[in-house]
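Please read the structure below before turning to the comments.
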């Protein structure tokens with residue numbers, strides 16, 4: 001109660017003391033705290049938290065917030081489990097790869113210092129999905145601007161999903177939280193996609209798989225991101241690990257403002273610092289020009305061959321002579337569709353020569369520098385293709401039956417013999433690109449009509465196994481069963497096949513060719529010499545080469561893949577029959593072939609007989625055939641002309 005004797009001045013003072021305090025504006029530290037609280041709340045709903053982290057600016061921000069949230073929960077008596085998942089596409093900007101290692105090391109050291117259960121997991125695409133393996137192997141083409149980003153799906157998203165599936169088996173989907181660095185402001189497309197998925201910064205969304213997903217910085221602006229990475233304990237509210245490598249990486253890509261934005265300036269003046277920087281694949285064709293990597297050449301001149309390889313892929317992409325015009329299957333009428341499919345045998349061979357030359361030159365430099373300095377000098381960027389990937393390319397060439405037999409060992413022998421294949425200069429690339437014909441891409445030109453053949457029970461059989469038997473000391477273990485007899489596989493459809501090493505996916509395993517110290521040395525070199533000699537004279541077929549790689553146990557595939565191999569072997573026999581009446585390597589040769597029919601004639605002429613499928617296109621066990629997606633992807637949909645053009 002007020003004292004009635006109080007003067008007016010005292011009463012006014014008392015009334016003012018009762019007034020509610022003015023609402024203080026949110027500080028940047030408050031924004032960070034709010035994000036951390038959202039993460040903490042959601043972490044408590046899950047047993048394990050995964051952070052999808054590319055170590056770009058946004059995902060690095062989310063990782064820092066997540067580790068701080070885990071640290072606070074630990075102080076509160078909880079035991080959070082965090083796994084950092086990072087994709088290694090195999091074709092990353094080399095500086096990005098180095099950044100990933102550097103920042104992962106810093107984050108793990110910080111987590112270890114605070115006693116957190118944090119581990120780093122690097123995931124890679126399946127061997128057959130590797131970008132360069134897919135292109136050089138003739139399985140698919142580059143993912144270009146204006147088309148679906150299947151490269152991102154194959155190289156990043158699927159490997160992460162595969163890792164998450166392992167967590168699902170271990171913990172259950174409902175117990176997994178995934179934190180991602182998506183922001184509405186990044187782009188209109190990104191914002192629309194996020195809203196469609198109901199993503200937000202405070203309430204996790206449960207995906208179709210049952211996993212919780214949270215975008216804790218969904219509402220942050222780009223200026224907020226850089227303010228955090230340039231911040232201090234005073235500005236962000238807590239002490240975290242050092243982001244200098246991230247800032248330096250973006251600056252090297254041409255964004256000099258990344259590390260020097262003055263946040264005392266107005267938001268308008270610093271609206272989009274570092275907006276041009278992007279760290280990604282050096283062979284990316286989704287952008288008109290990868291300025292971020294080109295800007296790095298002054299500081300990292302060693303990357304020039306990588307940028308030139310990207311230019312080469314771009315220049316040759318729409319050139320008809322660089323395309324194979326044979327489908328990998330036949331339709332229900334026994335016709336082989338003629339259209340601009342994957343890259344041609346000549347172009348894939350040339351691509352492999354250039355790639356292996358880049359690697360050989362870098363190895364030569366490292367050896368020379370090591371000898372000169374008297375110490376080990378490492379390569380300046382990782383190998384573009386390792387030996388397993390090279391062998392997978394050789395296997396695909398044999399599988400599709402369009403490449404020259406023994407082409408890979410010949411290229412390898414030439415490289416080892418000191419031969420180098422320099423990439424074309426700018427004038428040559430301009431001339432190459434001038435021969436592009438975009439209108440021809442994906443267009444059905446016609447068909448090769450093959451004779452009706454009975455392939456109701458195709459048999460995958462290596463005739464070399466017939467000759468050597470199971471008694472010879474040269475017999476690989478893969479050829480024999482436990483009783484010492486010839487190992488065979490019988491499918492549910494009654495098709496019999498020679499055995500093949502099985503695994504979870506299609507891959508190359510060179511374990512048996514390693515020297516005692518684990519390196520690919522003398523034993524592997526002897527094998528490759530034998531490989532080159534065995535296929536040097538050109539008398540053997542693609543099937544022989546495929547058999548050679550399989551019988552040695554180098555190629556492993558999922559269970560039941562023998563049926564697919566049998567279909568490829570059968571298809572190769574058809575191609576061989578066609579070649580007896582004329583070459584089919586180029587479009588002009590195909591159009592001149594006696595059994596070629598143009599599309600207009602094929603559309604208006606009723607087939608006189610129903611030809612059997614040379615390669616069926618159903619997953620049904622009754623046909624034991626290739627994926628239906630093979631034929632689906634070979635039709636005229638432009639969105640199908642991507643890395644996953646051929647899915648078998």
**Q.** Some residue of the range 363-374 being under 21 Å from the mean Cα position of the chain (by Cα) and either closer than 23 Å to residue 412 by Cβ or exposed (fewer than 15 other Cβ atoms within 10 Å of the Cβ) (or both)
**A.** no
Picked from the range 302-319 (must be within 21 Å of residue 428 (Cβ to Cβ) and out of contact with any helix residue (DSSP H, G or I) (no Cβ under 7 Å at 6 or more places or on another chain)), the residue surrounded by the fewest Cβ atoms within 10 Å (Cβ to Cβ) is 304
Residues of the range 47-58 being over 19 Å from residue 202 (Cβ atoms) and not in a strand (DSSP E or B), in sequence order, are 47, 53, 54, 55, 56, 57
Original post:
What do you reckon, is residue 105 crowded, with 22+ Cβ neighbours inside 10 Å, free of Cβ contacts under 8 Å to residues at least 60 places away in the same chain and under 24 Å from residue 39 (Cα atoms)?
Top reply: no
Residue in the range 390-402 that is outside the structural domain of residue 556 (by TED's automatic domain parsing), in a loop (DSSP other than H, G, I, E, B) and in contact (Cβ under 8 Å) with a residue 60 or more places away in the chain present:
yes
(message) Yes or no: the range 465-482 includes at least one residue that is in contact with a strand residue (DSSP E or B) (Cβ under 7 Å, 6 or more places away or on another chain), part of a strand (DSSP E or B) and under 29 Å from residue 411 (Cα atoms).
(response) no
Picking from 232, 256, the residue that is over 29 Å from the mean Cα position of the chain (by Cα), surrounded by fewer than 21 Cβ atoms within 10 Å (Cβ to Cβ) and modelled with pLDDT under 90 would be 256
Across (1) farther than 24 Å from residue 480 by Cα; (2) modelled with pLDDT of 90 or more; (3) surrounded by 13 or more Cβ atoms within 10 Å (Cβ to Cβ), residue 613 clears everything bar (2)
Out of (1) part of a loop (DSSP other than H, G, I, E, B); (2) exposed (fewer than 14 other Cβ atoms within 10 Å of the Cβ), the one residue 428 does not meet is (1)
Residue 215 vs (1) under 26 Å from residue 161 (Cβ atoms); (2) at pLDDT 95 or above; (3) in contact with a helix residue (DSSP H, G or I) (Cβ under 6 Å, 6 or more places away or on another chain): all pass except (3)
Reported set for the range 162-185 where residues are within 24 Å of residue 61 (Cα to Cα) and either free of Cβ contacts under 8 Å to residues at least 12 places away in the same chain or not in a helix (DSSP H, G or I) (or both) is 176, 177, 178, 179, 180, 181, 182, 183
Scanning the range 575-592 residue by residue, those within 19 Å of residue 459 (Cα to Cα) and out of contact with any strand residue (DSSP E or B) (no Cβ under 8 Å at 6 or more places or on another chain) turn out to be 576, 577
Restricted to the range 140-154 and to residues being within 21 Å of residue 388 (Cβ to Cβ) and touching a helix residue (DSSP H, G or I) at 6+ places or on another chain (Cβ under 6 Å), the residue surrounded by the most Cβ atoms within 10 Å (Cβ to Cβ) is 140
The residue that is modelled with the lowest pLDDT, considering only those in the range 528-574 that are in contact with a helix residue (DSSP H, G or I) (Cβ under 8 Å, 6 or more places away or on another chain) and in a loop (DSSP other than H, G, I, E, B), is 536
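Examine the range 190-202 for a residue that is closer than 19 Å to residue 65 by Cα, surrounded by fewer than 16 Cβ atoms within 10 Å (Cβ to Cβ) and over 23 Å from the mean Cα position of the chain (by Cα), and state whether such a residue exists.
No, there is no match, as no residue in the range 190-202 is closer than 19 Å to residue 65 by Cα, surrounded by fewer than 16 Cβ atoms within 10 Å (Cβ to Cβ) and over 23 Å from the mean Cα position of the chain (by Cα).
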Condition set touching a helix residue (DSSP H, G or I) at 6+ places or on another chain (Cβ under 7 Å) and farther than 15 Å from residue 313 by Cβ, scope the range 375-386, selection surrounded by the fewest Cβ atoms within 10 Å (Cβ to Cβ): answer is 376
Flagged in the range 54-84 as within 28 Å of residue 97 (Cβ to Cβ) and free of Cβ contacts under 8 Å to residues at least 40 places away in the same chain, in numbering order, are 69, 81, 82, 84
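Which residues, counting only those in the range 324-360, are more than 18 Å from residue 578 (Cβ to Cβ) and not in a helix (DSSP H, G or I)?
Correct list: 332, 340, 342, 343.
For every residue, the table says whether it meets (1) in contact with a helix residue (DSSP H, G or I) (Cβ under 6 Å, 6 or more places away or on another chain); (2) at pLDDT 95 or above.
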site	(1), (2)
424	no, yes
429	yes, yes
440	yes, no
451	no, no
455	yes, no
485	no, no
492	no, no
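The values are calculated or read from the model by the stated rules, or taken from the named source; none is laboratory data. No experiment lies behind these values; they were computed from the predicted model shown. No Cβ is skipped: glycine too gets one built from the backbone with ideal geometry, and neighbour counts run over all protein chains shown.
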